[in-house]
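Take a look at the structure set out below.
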Amino acid sequence: MRSHYCGKLDLSLTGEVVQLCGWVHSRRDHGGVIFIDLRDRAGIAQIVFDPENSVAFSAAEGVRSEYVLRVEGQVRRRPPGTENPHLHSGMVEVLAMRLEVLNRSEPLPFQLDEAELNESVRLKYRYLDLRRDHMRRNILLRHTLTRTLRRFLEDHDFVEIETPVLTKSTPEGARDYLVPSRTHPGHFFALPQSPQLFKQLLMVAGFERYFQVTRCFRDEDLRADRQPEFTQLDIETSFLDEDGIMRLMEEMIRTAFRAVLAVELPDPFPRMTYAEAMTRFGVDRPDLRIGLELVEVADLVRNAEFKVFAQAANSPGGRVAALRLPQGERLSRKDIDDYTAYVAGFGAKGLAYIKVNDATRGREGLQSPILKFLSDETLSALMARCRAATGDIIFFGADQARVVNDALGALRIRLGHDLGLVEQAWKPVWVVDFPMFEYNAEGRRWQALHHPFTAPKESDRERVDIDPQNALSRAYDMVLNGSEIGGGSIRIHREEVQEKVFGLLGIGAQEARAKFGFLLDALKFGAPPHGGIAFGLDRVAAIMAGADSIRDVIAFPKTQKATCLLTDAPSVVDEAQLRELHIQLRKPPEPVSGAG
């Protein structure tokens, strides 16, 4: 039906007769000449209807926005002064010879060029929202990204292999989505949180290099960068250590940014240990575009009269850290109160601060409610450690290290964005040497920081038994502009090591056999050393597109309450279906409501 895309017309086609199909983006009647901007996936072309062609002109008079048209006409150069440099087709127009209305459109529930739209409306009419220019560009960007990643992996001998969607429920950190089995009453499949175990089995099977663009499912509370179903680029490889995997993966990401955005990322990416990231930035996904850093000051305040500082500095697991904000005089008292309330949301009991009005006058040049509790010697040491200068404000966190890191790490990001301190750049970094375990105080047990199949560092294998708190893993995360876009590790490939880790995590031999017996069996039969990584494809695409939410790069996303406003899912099913699945509800289900 068409010979060319609207958005791909250019001067090289001048004089040619073309057939175009698309939607009416706009219609203008200029003194007897009708102009229609026809839109398709590739962009817009300007169509001119001259009254001399009465049939086509008459048909154009009845056309309205979002009608679907087929147009035949001749490409010609636009008159001087009417060119549109913002369009690829902006140097030419099409003089219409024939017009066919393929379908009409009722008035839309919103205008496609509206800047601010209620998200519930956007999701209910998602097929219309996707016609909007920025959404079209986002989805096409994602396509280009996925295509580039696939080609890179294929060029490096990776094989794409599908893994099951209906599988076994295993403890991997989040709730599983369960699917009842009709043929096995009382039994359930689980939708995969990731293909982790299957890709390890593919390494045992000898495929050596695997990848998959795969759907994953987690039944967890949602936010801007989470969805109940999401897409991973899942990768596993044998006979490569972490350094080899990291070098290959950063080459892949550099290739993707070059192809999609014409951006050159650093070569190589910098690397940072988990301990350094937490000490300097309070998070394990540091945004290196923001120059602010946390500074450890516990050793300077152990004997201070200010009990908040002294207690934290002398408590096991406590931390006292400072965050210096240059030109902090721009903050009003109300601003400080607002930031105090903000960090309270991360568990902080307050936000101590010192304003440096004049760095040359010692105590007299400082302003703070806590000055009376700090000696001149302590103040002098704090100012030197923080490299304080006139006009700065220094914020302090004092509590358990987790609270201090969460609060000051979040404050650092908030200040960076509020005060325009975020560098316009791409700042990738690898974070390595993660702890193998973290202690769950509520459950009073150790849990894997990544997942239970991550191998310990060779030098720390004995620590798994005798000092799990300080055992490091062979895990690595790729972070970009403060977002973790990929995470992976070298896996455990020996059965005895895997059983030892299961035992430390409180997974006994009987439970391990019931839930992971197939993996433990596979490790007995010549499992090679292997490792891998998974990239959040939605998150990478959102970062590239400059989108605030991954929903803007997913064609049909869910709301924050995990509902689909387009299809009204989840929905009630009839009793006959439930009986087939051997399910009996105790009471009628409540209706799903609201976008959340």
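Where a number appears in this text, it was derived from the coordinates with a stated rule and is not lab data. This is a predicted model, so every value here is computed, not measured. Reconstructed Cβ throughout: ideal geometry from the backbone, glycine too, with neighbour counts over all protein chains shown.
When only C-alpha pairs under 8 Å and at least 6 residues apart count, what is the relative contact order of the stretch 290-422, in percent?
Working: 233 pairs, mean separation 48.4, N = 133.
Once normalised by length, the contact order is 36 percent.
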(message) As I understand it, the value is the acute angle between the Cα axis of helix 133-155 and the longest principal axis of the Cα atoms of the chain; what does it come to in degrees, rounded to 10?
(response) 70 degrees
(message) Please report the spacing between the Cα centers of the stretch 195-271 and the stretch 533-596 in Å, no decimals.
(response) 24 Å
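Please sort by residue number the GluC sites (Glu not before Pro) in the stretch 28-110 whose DSSP state is loop and whose Cβ has at most 15 other Cβ atoms within 10 Å. Write out the running numbers ahead of the final one.
Working: sites: 52, 61, 66, 72, 83, 93, 100; in loops: 52, 66, 83.
Listed in order of number, the matching sites are 52, 83.
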(request) Could you run the Karplus curve 6.51 cos²θ - 1.76 cosθ + 1.60 with θ = phi - 60° over the stretch 44-49 and give me ³J(HN,Hα) per residue in whole Hz, x for Gly and Pro? (result) 10, 10, 8, 10, 10, 10
(request) Report, in degrees rounded to the nearest 10, the 0 to 90 angle that the Cα long axis of helix 401-418 makes with the longest principal axis of the chain. (result) 40 degrees
(message) Students often get this wrong, so try it: which of (i) 1.43; (ii) 1.07; (iii) 1.20 is Cα Rg over 2.2 N^0.38 Å as calculated from the structure shown?
(response) (iii)
(request) Using amide H atoms built 1.01 Å from N in the peptide plane, name the residues 5+ places from residue 16, or on other chains, whose amide H lies under 5 Å from its own. (result) 75
(message) Quick check on the stretch 290-422: take the gyration tensor over C-alpha atoms, sort the square-rooted eigenvalues as a ≥ b ≥ c, and tell me if it's rounded (a/c under 1.5), prolate or oblate.
(response) oblate
(request) Tabulate in residue order the Karplus-calculated ³J(HN,Hα) for the stretch 181-198, using 6.51 cos²θ - 1.76 cosθ + 1.60 with θ = phi - 60°, rounded to whole Hz; enter x for Gly and Pro. (result) 8, 6, 7, 10, x, x, 10, 9, 8, 10, 6, x, 6, 6, x, 3, 5, 5
(request) Hand me the GluC sites (Glu not before Pro) from the stretch 140-209 located in a DSSP loop with no more than 13 other Cβ atoms within 10 Å, in residue order please. (result) 162
(message) Using DSSP to call loops (not H, G, I, E or B), can you name the GluC sites (Glu not before Pro) in the stretch 293-346 whose Cβ has at most 14 other Cβ atoms within 10 angstrom?
(response) 305
(request) Consider a paramagnetic label point 7 Å from the Cα of residue 349 along Cα→Cβ; state which residues of the stretch 403-418 have an amide N under 19 Å from it. (result) 403-409
(message) Report the Cα centroid-to-centroid distance between the stretch 392-457 and the stretch 1-26 in angstrom, as an integer.
(response) 52 Å
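Sort 404, 356, 18 so the one with the fewest other Cβ atoms within 10 Å of its own Cβ comes first.
Starting with the residue having the fewest Cβ neighbours, the order is 18, 356, 404.
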(message) Can you return the lysines within cross-link range of residue 355? Criterion is Cα-Cα under 29 Å, with same-chain partners fewer than 8 residues away left out.
(response) 307, 334, 372
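Among 309, 211, which comes first, second and so on when ranked by fewest other beta-carbon atoms within 10 Å? Write out the running numbers ahead of the final one.
Values: 309 26, 211 23.
Starting with the residue having the fewest Cβ neighbours, the order is 211, 309.
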(request) Averaging sequence separations of C-alpha pairs under 8 Å and six or more residues apart, then dividing by the length of the chain, give the relative contact order as a whole percent. (result) 13 percent
(message) Rounded to whole Å, give me the distance from the Cα center of the stretch 462-523 to that of the stretch 97-172.
(response) 36 Å
(request) Could you work out the relative contact order of the stretch 6-103, using alpha carbon pairs under 8 angstrom and six or more residues apart, expressed as a whole percent? (result) 35 percent
(request) Note down the nm distance, to one decimal, between modelled labels 7 Å out along Cα→Cβ at residue 467 and at residue 84. (result) 6.8 nm
(message) I need 133, 40, 376 ordered by Cβ neighbour count within 10 Å, fewest first.
(response) 376, 133, 40
